[in-house]
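See structure below.
The values are calculated or read from the model by the stated rules, or taken from the named source; none is laboratory data. Model, not experiment: these values are computed from the prediction. Ideal geometry is used to build each Cβ from the backbone, glycine not excepted, and the neighbour counts take in all protein chains shown. Please note that ligands, DNA and RNA were not included when accessible areas were found on the heavy atoms of the full protein model with its side chains. Shrake-Rupley method; radii C 1.70, N 1.55, O 1.52, S 1.80 Å.
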Amino acid sequence: MDIYSVANQMKLERKTIFDLPLRVTFYGRVSTTREEQENSIENQISYFTDLIKNNPNWTYVEGYVDRIRGEQAANREEFMRMIEDGKNGEFDLILTKEVSRFARNTIDSLTYTRDLLRCGVGVFFQNDNICTIDTDSELRLTIMSSIAADEVRKLSERVRWGHKRSIEKGAVMG
């Protein structure tokens, strides 16, 4: 089933992605390897695995998980493998927690979701309630991606400010 047929079927029959027979995977990511983050990724894996397997319309496809710091999607091995598998027709839909877990800058978000969509793969950002199969998703995705990118910038500024104050006080970092 091609992605445009799916979008039309959803509109005409007032269906959601949860009602359609799709091969579904997920993408999980944490940005540090600290213990509390390990718990977070295990929760993501468990949640999405159960969600997919408990939907009678969906076929479960093994998920993709990155445990790496950094905002560049190209540096995330599992993410890039997922993109290639999507382009090769391994699944129809990717579930992920939120836009900032998928990509932390607007260009990456739009580039990868557009590439996947051209290959018949949608992405559902659960917390943001954005599904790229929907025709109005790109505007909302652009806005949420911009917000995520700005949050990364602000966090970086706060960390640098804290380091500078510590150095001024004579505290040794790291």
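Here are the numbers:
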quantity	calculated
Filter result for Thr106 (touching a Ser or Thr at 6+ places or on another chain (Cβ under 6 Å) and surrounded by fewer than 23 Cβ atoms within 10 Å (Cβ to Cβ))	yes
Residue selected from the range 91-142 under the condition part of a helix (DSSP H, G or I) and among the aliphatic types (A, V, I, L, M), by the criterion modelled with the lowest pLDDT	Leu141
Within the range 51-90, tally of residues that are within 18 Å of Val6 (Cβ to Cβ), open to solvent by 10 Å² or more (accessible area, probe 1.4 Å), among the β-branched types (Val, Ile, Thr) and not in a loop (DSSP other than H, G, I, E, B)	1
The range 84-96 residues that are farther than 22 Å from Asp134 by Cβ, paired with ones that are aromatic (Phe, Trp, Tyr) and modelled with pLDDT of 95 or more (beta carbon under 9 Å, 6 or more apart)	Asp85/Tyr64; Asp85/Phe91
Criterion violated by Thr33 - all others in (1) open to solvent by 70 Å² or more (accessible area, probe 1.4 Å); (2) modelled with pLDDT of 90 or more satisfied	(2)
Flag if Arg14 is touching an Asp or Glu at 6+ places or on another chain (Cβ under 8 Å) and either modelled with pLDDT of 80 or more or over 15 Å from Gln126 (Cβ atoms) (or both)	no
Test set (1) more than 18 Å from Val30 (Cβ to Cβ); (2) loosely packed, with under 15 Cβ neighbours inside 10 Å; (3) touching an Asp or Glu at 6+ places or on another chain (Cβ under 7 Å) - Asn127 fails condition number	(1)
